1. Can you list, largest first and rounded to whole Å, the semi-axes you get for the chain by taking the square root of 5 times each eigenvalue of its Cα gyration tensor?
2. How many nm is it between the label spots at ASP15 and ALA30, if each spot is 7 Å from the Cα in line with the beta carbon?
3. ASN37 to ASN109: extension gain in nm, 0.36 nm per residue of separation minus the Cα-Cα distance?
4. Using a Förster radius of 35 Å, what is the FRET efficiency between ASN73 and ASN151 based on their Cβ-Cβ separation? Nearest 0.05, please.
5. Could you work out what % of the accessible surface of the chain is carbon and sulfur, using a 1.4 angstrom probe and leaving DNA, RNA and ligands out of the count?
6. Calculate the dipole size of the chain relative to its Cα centre from +1 charges on Lys and Arg beta carbons and -1 charges on Asp and Glu beta carbons; express the result in debye to the nearest 20.
7. Just need the relative contact order of the range 10-139 here, percent rounded to a whole number, with Cα pairs under 8 Å and 6+ apart.
8. Using the heavy atoms of the protein chains alone and a 1.4 angstrom probe, what is the accessible area of the range 61-115 per residue in square angstrom?
Amino acid sequence: SITYGNGLFVAVSYDGTNRVMTSPDGINWAARNAAQNIGWRSIVYGNSLFVAVGSGGSMAMTSSDGINWTTGNIPETSGWVSVTYGNGLFVAVNYLGSQNVATSSNGINWTLRPTGVSNRGWKNIAYGNGLFVAPNSDGSKIFMTSPDSINWTSRTLPISGDCAIGYANGLLIITDPYKSLFSSDGINW
């Protein structure tokens, strides 16, 4: 996973010897020490902070500069695979545990948030146009949305599969291996 913030690209890796890499230009990269050598799956930049989550444990890590990292702890055993930032919060989704969502204002202290939506293999989350959106990865057409990361609504997509999501230029974009969907409100695709 890779993100950009504060004039720096920062990438995290699930395995290998360089679990964190930084680059000022996207071409020249430097290896950095991760807070822990676990499977880092996702990184985001928000509120002047880089935050990464990992699936090799209940781990998160934060950095203000992309170089020096501090360990955080999400109170669920494993499966944290995607993190986004919006509405003043870092929000992570879990595809293995009994809790689907965790939130944090600082990337270190996390609170589990029950969604009321059955655990369907949430592997991606994005924030755009005032809404958190998480598509499934279990082959169903279910996705969930929330304006505040606390109250979640189950919805249906016109595609199914292992979906990824992103946000750019006012649009949320969901893709599966064969199609892409676009939405300006996160509900109608």
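The values are calculated or read from the model by the stated rules, or taken from the named source; none is laboratory data. Only a predicted model underlies this, so the values are computations on that prediction, with no experimental measurement involved. Cβ sites come from the backbone with ideal geometry, for glycine too, and all protein chains shown count toward neighbours. With ligands, DNA and RNA removed, areas are computed over all heavy atoms of the protein, side chains included. Shrake-Rupley method; radii C 1.70, N 1.55, O 1.52, S 1.80 Å.
1. On the way: eigenvalues 132, 65, 46 Å².
Largest first, the chain gives 26, 18, 15 Å.
2. 2.9 nm
3. Details: separation 72, 0.36 × 72 = 25.92 nm, distance 1.97 nm.
Contour length minus Cα-Cα distance gives 24.0 nm.
4. Numbers: r = 25 Å, r/R0 = 0.71.
Given R0 = 35 Å and the Cβ-Cβ separation, E is 0.90.
5. Values: 3790 of 8200 Å².
For the chain, the apolar C and S fraction of the accessible surface comes to 46 percent.
6. On the way: 9 positive and 9 negative charges, 38 e Å.
Dipole magnitude for the chain comes out near 180 debye.
7. Reported relative contact order: 16 percent.
8. On the way: 2010 Å² over 55 residues.
On a per-residue basis, 37 Å².
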